[in-house]
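Quick notes on the structure that follows.
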Amino acid sequence: MKKILIANRGEIAVRIIRACRELGVSPVAVYSECDRTALHVRYADEAYAIGPSAPRESYLRLEALIDAARKSGADGVHPGYGFLAENEHFAAAVRDAGLTFIGPTPEAIGTMGSKTAARTAARRAGVPVVPGTEDPLAPDATASEIAAAADAIGYPLLVKAVAGGGGKGMRTVTEAADLAGAVRAARSEAGAAFGDAAVYLERRLTRPRHIEVQLLGDVHGTVLPFVERECSIQRRHQKVVEETPSLAVSPAVRSAMAAAAASVASAVGYTNAGTIEFLLDEDGRFYFLEMNTRLQVEHPITEMVTGIDLVRWQIRIARGERLDLDPERLLRPHGHAIECRIYAEDPDNNFLPSPGRIQQLRVPAGPGIRDDSGATAGLDVPIFYDPMISKLVAWAEDRPLALARMRRALGEYLVTGIKTTVPFFSWLLAQPDFQAGRFHTTYLDEVLKARNGRPFVEPSPAVEEIAAIAAALEAVMSPSTLAADAPAAHAERPNARRWRAHARAEGLR
Amino acid sequence: MQYEVEVGGRRLQVVVTRSGDEFTVAVDGHPSRVDAARIDGHTLSLIVANGSAVDGQRLASREVSVAPDPISGQLAVHVGATAVTVTLNGRRRWGRKDDGAGTGSGPQRLVAPMPGKVVRVLVKAGDQVTARQPVVVVEAMKMENELRAGRGGTVAEILAREGMSVDAGALLLVIQ
């Protein structure tokens, strides 16, 4: 494999380009209209326009991507995550075009990408699953049929997209009255995000942890599991902080989970990188949740504690190479790693998206810090895509040191022009429950609700006075900076502030 | 130059006088000597000496940036990586064009909190709505966000149409 087309954008496209470079492979980028100046385009050897900014018109267009691969003469295609990464038709189209898909086979994606089919596969491999409907809800199911299925499972339950991932197309339902609305919303969101509106129902366990096992499988039948990742810190079902190893996983549970994950993957002849997600209850029992048939956002923390470059191995596996790694090493973490997903969202305004132009960006560096980013100053964060701009990762010898290092790095993270979740992470990492590892998948939503919109960073009076001095000095030294964009009329615009107050008080959704 | 600066709920009188290469900045009558070095269009490196004789030897180093916040119309100041919102001379409207949306009292005007696409309008003109009832669904950055009525009332006017792209601050509907 000499040339790889990356069918993705942003920070993951940049991450894959870096792996390509290190292997001496030429990276090829694709871009939508609004991504013309994105970092992944600038880093690549070749770049091909694939359409307008809306994902359906660009990054989700199979033909446009295959066409770009043909034009470039690429022999491999890496899907990244999101977009078409778990679309079996895309993997098949790549194969049919005579190119290598850097990921599992279309058949494995088809089986494991459907959450209901994956649950069946896990049951057959002897791994326990969370109770739920065995098949997707029929598209024409009546409200009373859906209600009956829900009653059989019991509340609280989750409505989940069969093709889902990343918390999209998923809704929690605590009482029957909210069921129909949740099914409608989940179907609509799933249809828009994945092109498949099918949903199913699953019981919601009380206070479980979300623990997952990374796997690599080669084309010669070897499947190797890695040390677990702890992903219980989630906001509205979306992971925001991940770490490895988990404080809640004993050596015995680690080997049992790793073995269960490997047996599910082997049962479906799984190849390339994938992740088996489990829920771990308070008694140390674990249940198969789903499999992600792709690289995960949180893959860097596994790389940090094992020293294995997962993206490089994805490419090597796709070339047909053998996984000649020491299995013991993959289950023995060296130190501790933690990741914060830096989003273009305003945490002090109910995490509303905060797209726009990044004026300044200075990312942390120094010992044990890794920032996987696709952002630069001067770039716009577009409204069309996921608002994650970077993954900030800290590694250290143990968990307390890794947390201290992450807090130090967050203090260095300077972004202006847009709001980001950096202040939220600074707050979270200072919480005693978080520091003690006392959390579960609904911990974050519960503490956020209890805080009721209080700002995450409350500057001290001394810092406020410095800010006042800075504003006055700029007014003296560079009045044009402040006046350049000032409007002619200074009429009050109560609207903007009203929605903010409204959003804070009521919560959006 | 004298400024009235609102920050963190306080109203501070800030007087700036130039003295050679430095500034003397008095906050509510407490002066500091400030060496301000420009880094870029928005950023200054400040070295601040407190005015009192006792603390006069301590020099605090602070990196600051100042920019109009296009959403709030206030000034977004960063002290290090910490964001602080500041209003200078009661002018809240730096960097924001007036969209002529009218006054805020009386009817409740629901506006788009972010740019996005209207996915669904869940009410009709004339409908009675209760507080917290979802009324419009706006999709932005791949998530659907239900916008809810702030309080109960009658839907007087609907400007949102399904499939319509909206800017932040665009009026979606009015509840009387």
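What follows is calculated from the coordinates using simple rules that are stated; it is not laboratory data. What you are looking at is a predicted structure, and each value in this text was computed from that prediction instead of being measured. Cβ coordinates were reconstructed from backbone atoms using ideal geometry, including for glycine residues, and neighbour counts include every protein chain displayed.
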Ranking A:Asp380, A:Asp398, A:Asp35 by Cβ neighbours within 10 Å, fewest first, what do you get?
-> A:Asp398, A:Asp380, A:Asp35
Mean shadow area (nm²) of the C-alpha convex hull around the protein assembly as shown is 31.1 nm²
What whole number of Å gives the distance from the Cα centroid of segment A:28-73 to the Cα centroid of segment B:116-176?
-> 34 Å
Cut-off under 5 Å, modelled amide H: who pairs with A:Thr100 long-range | A:Gly76, A:Val77
For A:Lys2, list the lysines whose Cα falls under 27 Å from its own Cα; do not include residues on the same chain fewer than 8 positions away.
-> A:Lys71
So which lysines can A:Lys168 reach, going by Cα to Cα under 21 Å and dropping same-chain residues fewer than 8 places off?
-> A:Lys115, A:Lys160, A:Lys239, A:Lys391, A:Lys449, B:Lys117, B:Lys142
Roughly what % of DSSP beta bridges within chain A run antiparallel, to the nearest 5?
-> 80 percent
Mind listing the phi-derived Karplus ³J(HN,Hα) values for segment B:38-47, rounded to whole Hz, using 6.51, -1.76 and 1.60 with θ = phi - 60°, and x for any glycine or proline?
-> 7, 9, 8, x, 10, 10, 10, 9, 10, 10
What are the trypsin sites (Lys or Arg not before Pro) within segment A:19-51 that DSSP puts in a loop, where the Cβ has at most 15 other Cβ atoms within 10 Å?
-> A:Arg36
Exposure-ranked with fewest Cβ neighbours within 10 Å first, A:Ile315, A:Ile16, A:Ile153 stand as A:Ile153, A:Ile315, A:Ile16
Note, segment A:53-60: 3J(HN,Hα) by Karplus (6.51, -1.76, 1.60, θ = phi - 60°), whole Hz, Gly/Pro = x, goes 5, 4, x, 4, 9, 9, 5, 9
Give a quick list of trypsin sites (Lys or Arg not before Pro) in segment A:415-455 that DSSP marks as loop, anything other than H, G, I, E or B, with at most 12 other Cβ atoms within 10 Å.
-> A:Arg438
Farthest positive-ward along chain A dipole, Cα basis, beta-carbon charges - from A:Gly98, A:Ala256, A:Ser266 | A:Gly98
A correct Karplus calculation of ³J(HN,Hα) over segment A:98-107, with 6.51 cos²θ - 1.76 cosθ + 1.60, θ = phi - 60°, whole Hz and x for Gly and Pro, returns x, 10, 9, 7, 8, x, x, 6, x, 5
Would you calculate the separation in nanometres between label points at B:Arg151 and A:Arg236, each defined as 7 Å from the Cα along the Cα-to-beta-carbon direction?
-> 2.6 nm
Within segment A:237-326, trypsin sites (Lys or Arg not before Pro) in DSSP loop having at most 16 other beta-carbon neighbours inside 10 Å | A:Arg285, A:Arg319, A:Arg322
How big is the charge dipole of the protein assembly as shown about its Cα centre, in debye rounded to the nearest 20, if each Lys and Arg gets +1 on its Cβ and each Asp and Glu gets -1 on its Cβ?
-> 560 debye
Would you mind giving the mean number of other chain beta-carbons within 10 Å of the Cβ of each residue in A:349-355, as a whole number?
-> 5
Which residues qualify? For A:Asp346, with a placed amide H closer than 5 Å and at least 5 residues away or on another chain, they are A:Phe351, A:Leu352, A:Ser354
To the nearest 20 debye, what is the magnitude of the charge dipole of segment A:420-486 about its Cα centre, counting +1 on the Cβ of each Lys and Arg and -1 on the Cβ of each Asp and Glu?
-> 280 debye
Amide H contacts under 5 Å for A:Ser53, restricted to residues at least 5 apart in sequence or on another chain and with H modeled in the peptide plane, are A:Glu33, A:Cys34
Charge dipole (debye, nearest 20) of segment A:78-204; +1 at Cβ of Lys and Arg, -1 at Cβ of Asp and Glu | 340 debye
Mind giving me the FRET efficiency for A:Val476 and A:His89? R0 is 56 Å, r the Cβ-Cβ distance, nearest 0.05 is fine.
-> 0.35
Quick note, segment A:250-346: a/c under 1.5 would make it rounded; otherwise a/b > b/c is prolate and the rest oblate (a ≥ b ≥ c, C-alpha gyration tensor); here it is rounded
Give the value in nm², to one decimal: projected area of the alpha carbon convex hull of segment A:391-458, averaged over all directions.
-> 5.4 nm²
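How long is the gain from A:Thr206 to A:Leu247 if the chain were fully straight, where each residue apart is worth 0.36 nm and the alpha carbon distance is subtracted?
Values: separation 41, 0.36 × 41 = 14.76 nm, distance 1.88 nm.
Value of the extension gain: 12.9 nm.
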